[in-house]
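*Asks:* I have a structure I would like to understand better, so I am pasting it below and will then ask my questions one at a time.
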Amino acid sequence: MAGRRDFFKSFAKPLRQTREESPLLVRPPYGSLESLFQSECPACESKACVTSCDEKIIFIADDGTPTLDFSKNGCTFCDDCAKACEADVLSLENEETSEYLNAIFTISLNACVAHHGVICNACKEPCIDNAILFNGMFNPVIDADKCTACGFCISRCPTQAISFDVFALQKASEKTDNETV
Ligand code: SF4
Ligand code: SF4
Ligand code: SF4
């Protein structure tokens with residue numbers, strides 16, 4: 001099975017390619033195309049995905065589309081937002097994004113105190129995927145092939161050393177056109 005890093009290389013284009021248009025947003029899981037969020041969500045009156053989320057991490061951005069806020073919680077991939085979305089922007093049929101969010105998480109080697117001799121493993125416990133690898137008690141790094149981008153580690157870091165880059169969801173069949181940018 002292809003690793004997560006390979007998955008995003010084949011499925012997404014990085015933030016820098018669209019920054020001039022509008023900032024990309026981290027989306028709820030179960031999406032298939034960034035263009036669907038933009039075409040369907042602003043006109044969606046119910047915004048049912050927002051109220052469906054027990055973790056309360058789905059918010060509506062200024063452009064009327066849903067995005068995730070990891071400042072308190074993360075995504076449990078519980079299916080509820082996909083079940084609630086009547087426009088099929090989010091759908092359980094989108095298996096490729098049922099376990100991953102469209103973001104790549106990293107730990108800043110400068111900001112993380114465990115990279116400077118301080119014992120801290122605050123990010124390790126919330127990561128149920130064991131995606132944060134420590135060398136003994138130090139030097140944590142995120143294994144991109146294990147990380148689901150759930151976001152639970154973000155709020156636990158006392159020095160805000162964990163951040164993420166966002167990727168636009170797109171079908172593999174559209175990749176060739178967009179990659180020429
Ligand atoms: S319920 Fe579906 S269509 Fe409505 S805002 Fe949420 S994701 Fe978009
Ligand atoms: S899968 Fe569950 S926790 Fe994740 S955004 Fe959807 S409703 Fe919220
Ligand atoms: S390292 Fe990845 S999988 Fe682990 S808690 Fe952070 S975002 Fe979630």
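*Asks:* Select from region 125-160 the residues that are in a helix (DSSP H, G or I) and either among the hydroxyl-bearing types (Ser, Thr, Tyr) or touching a helix residue (DSSP H, G or I) at 6+ places or on another chain (Cβ under 8 Å) (or both) and list them in ascending order.
*Replies:* From region 125-160, those in a helix (DSSP H, G or I) are 154-156; that's our starting set.
Matches in region 125-160: 155 only.
*Asks:* Hey, can you tell me all the residues within region 24-56 that are surrounded by fewer than 13 Cβ atoms within 10 Å (Cβ to Cβ) and in a loop (DSSP other than H, G, I, E, B)?
*Replies:* Result: 45, 46, 54, 56.
*Asks:* Can you tell me which residue within region 49-84, out of those that are among the aromatic types (Phe, Trp, Tyr) and more than 13 Å from ligand 1 (Cβ to nearest atom), is farthest from residue 147 (Cα to Cα)?
*Replies:* Looking at the filtered set, the residue picked out is 70.
*Asks:* Would you please list the contacts, defined by Cβ atoms under 6 Å and residues six or more apart or on different chains, that run from a residue in region 116-129 that is without any contact (Cβ under 8 Å) to a residue 40 or more places away in the chain and acidic (Asp, Glu) to a residue that is surrounded by fewer than 16 Cβ atoms within 10 Å (Cβ to Cβ) and part of a loop (DSSP other than H, G, I, E, B)?
*Replies:* 129/146
*Asks:* Quick one: is residue 141 aliphatic (A, V, I, L, M), free of Cβ contacts under 8 Å to residues at least 12 places away in the same chain and either closer than 21 Å to residue 70 by Cα or more than 10 Å from ligand 3 (Cβ to nearest atom) (or both)? Before the answer, list the steps.
*Replies:* On the way: aliphatic (A, V, I, L, M): yes; free of Cβ contacts under 8 Å to residues at least 12 places away in the same chain: no; either closer than 21 Å to residue 70 by Cα or more than 10 Å from ligand 3 (Cβ to nearest atom) (or both): yes.
Judged against the criteria, residue 141 is not a match.
*Asks:* Mind checking which residues of region 64-118 are within 16 Å of ligand 3 (Cβ to nearest atom), in contact with a His (Cβ under 9 Å, 6 or more places away or on another chain) and in a loop (DSSP other than H, G, I, E, B)?
*Replies:* Applying the first criterion (within 16 Å of ligand 3 (Cβ to nearest atom)) to region 64-118 yields 67-78, 97-109, 111-112, 114-115.
With the extra rule that they be in contact with a His (Cβ under 9 Å, 6 or more places away or on another chain), the set shrinks to 107-109.
Result: 108, 109.
*Asks:* Cβ-Cβ below 6 Å, separation at least six or inter-chain, first residue in region 65-85 and more than 21 Å from residue 35 (Cα to Cα) and outside the structural domain of residue 123 (by TED's automatic domain parsing), second of a type in the set (Val, Ile, Thr) and within 11 Å of ligand 3 (Cβ to nearest atom): which pairs?
*Replies:* 70/154
*Asks:* Right, another one. Is there a residue being in the same structural domain as residue 32 (by TED's automatic domain parsing) and among the small types (Gly, Ala, Ser) anywhere in region 130-140?
*Replies:* Within region 130-140, none of the residues are in the same structural domain as residue 32 (by TED's automatic domain parsing) and among the small types (Gly, Ala, Ser).
*Asks:* Still on this structure, please answer the following. Can you tell me which residue in region 89-101 is surrounded by the most Cβ atoms within 10 Å (Cβ to Cβ), limited to those that are more than 19 Å from residue 154 (Cα to Cα) and touching a residue at least 40 places away in the same chain (Cβ under 8 Å)?
*Replies:* 90
*Asks:* Of the residues 59, 138, 164, which is closer than 17 Å to residue 41 by Cα and either within 12 Å of the chain's Cα centre (by Cα) or surrounded by fewer than 19 Cβ atoms within 10 Å (Cβ to Cβ) (or both)? Break it down stepwise before answering.
*Replies:* Details: 138 fails: closer than 17 Å to residue 41 by Cα; 164 fails: closer than 17 Å to residue 41 by Cα.
Testing whether each residue is closer than 17 Å to residue 41 by Cα and either within 12 Å of the chain's Cα centre (by Cα) or surrounded by fewer than 19 Cβ atoms within 10 Å (Cβ to Cβ) (or both) leaves just 59.
The values are calculated or read from the model by the stated rules, or taken from the named source; none is laboratory data. Since the model is a prediction, treat every value here as computed from it, not as a measurement. Please note: Cβ atoms are built from the backbone with ideal geometry, for glycine as well, and neighbour counts cover all protein chains shown.
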